[in-house]
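Note sheet for the following structure.
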Amino acid sequence: MNSHLEHLGLQGMSGHFVTATDAQVAELEKQTGFTLSESYKTFLKRFGASVFTENAGFRALETSPWAVDGVESFEVFYGISETPASDVRSVNRWLRNSIPSQTIAIGHDPGSSLILLSDTGEVLFFERDSGRTFRIAANFDGFVDSFIARHPTYGPP
């Protein structure tokens, strides 16, 4: 996995990356019941629970009503963490009956809509209020590659 995300300001939740071990990734696979893609496993082992320090967003294959100029907002990647709110295992235990079957939550946007990874590897945007899903990318690599820098506009153009 390249430094594309780091270039966009990705950093660990505590200011440094807390990476996952092979055993923790295996535990997550056992908990979720499906094999995670190699690229997502690599992400967990390299970055873990993380946020962007810069204003970054992603372009989805199918935009949600929340997209601005075709770009979706993003807030948090879940990882292996001692903080339950950013720990992918804890979050998915909590959401087990609230998200589509055969998916796991891997992050969320500022409005708490979820980013899901399906057992087929596809990445989805899950609008929690309506239960609607929007296709982000065919796989995790495509999701990572879709991130771009967003520059907020202050005041009138």
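The values are calculated or read from the model by the stated rules, or taken from the named source; none is laboratory data. All of these numbers come straight from a predicted model, not from anything done at the bench. Please note: Cβ atoms are built from the backbone with ideal geometry, for glycine as well, and neighbour counts cover all protein chains shown. Protein only, heavy atoms only, side chains kept; ligands, DNA and RNA dropped before computing areas. Shrake-Rupley method; radii C 1.70, N 1.55, O 1.52, S 1.80 Å.
Here residue 91 does not qualify as touching a strand residue (DSSP E or B) at 6+ places or on another chain (Cβ under 7 Å) and over 21 Å from residue 12 (Cα atoms).
Consider segment 43-100. How many of its residues are assigned to a loop (DSSP other than H, G, I, E, B) and on the phi < 0 side of the Ramachandran plot?
25
Scanning segment 124-133 turns up one or more residues that are crowded, with 20+ Cβ neighbours inside 10 Å and in contact (Cβ under 8 Å) with a residue 40 or more places away in the chain. Checking 42, 19, 35 one by one, the residue that is open to solvent by 40 Å² or more (accessible area, probe 1.4 Å) and closer than 22 Å to residue 148 by Cβ is 42 and no other.
The set of residues from segment 39-58 being more than 13 Å from the chain's Cα centre (by Cα) and modelled with pLDDT of 95 or more comprises 42, 45, 46. Checking the structure you have, find out if any residue of segment 134-156 is within 23 Å of residue 3 (Cα to Cα), open to solvent by 10 Å² or more (accessible area, probe 1.4 Å) and part of a strand (DSSP E or B). Yes. Restricting attention to segment 65-82 and to residues that are over 29 Å from residue 25 (Cβ atoms) and not aliphatic (A, V, I, L, M), the residue that is surrounded by the most Cβ atoms within 10 Å (Cβ to Cβ) turns out to be 66. Looking only at residues in segment 1-16 that are within 21 Å of residue 84 (Cβ to Cβ) and surrounded by fewer than 16 Cβ atoms within 10 Å (Cβ to Cβ), the one that is modelled with the highest pLDDT is 16. Restricting segment 101-117 to residues that are open to solvent by 10 Å² or more (accessible area, probe 1.4 Å) and part of a strand (DSSP E or B) leaves a set whose member that is farthest from residue 75 (Cα to Cα) is 103.
As a summary of the residue check, residue 56 satisfies the conditions (1) exposed (fewer than 14 other Cβ atoms within 10 Å of the Cβ); (2) in contact with a Lys or Arg (Cβ under 7 Å, 6 or more places away or on another chain); (3) among the small types (Gly, Ala, Ser) except for the one numbered (1). For first residues located in segment 95-113 and under 18 Å from residue 10 (Cβ atoms), partners that are among the basic types (Lys, Arg) and lie 6+ apart or on another chain with Cβ distances below 9 Å form the pairs 108/128.
So is residue 28 open to solvent by less than 10 Å² (accessible area, probe 1.4 Å), closer than 19 Å to residue 123 by Cβ, touching a residue at least 60 places away in the same chain (Cβ under 8 Å) and assigned to a helix (DSSP H, G or I) or not? Answer is yes for this residue.
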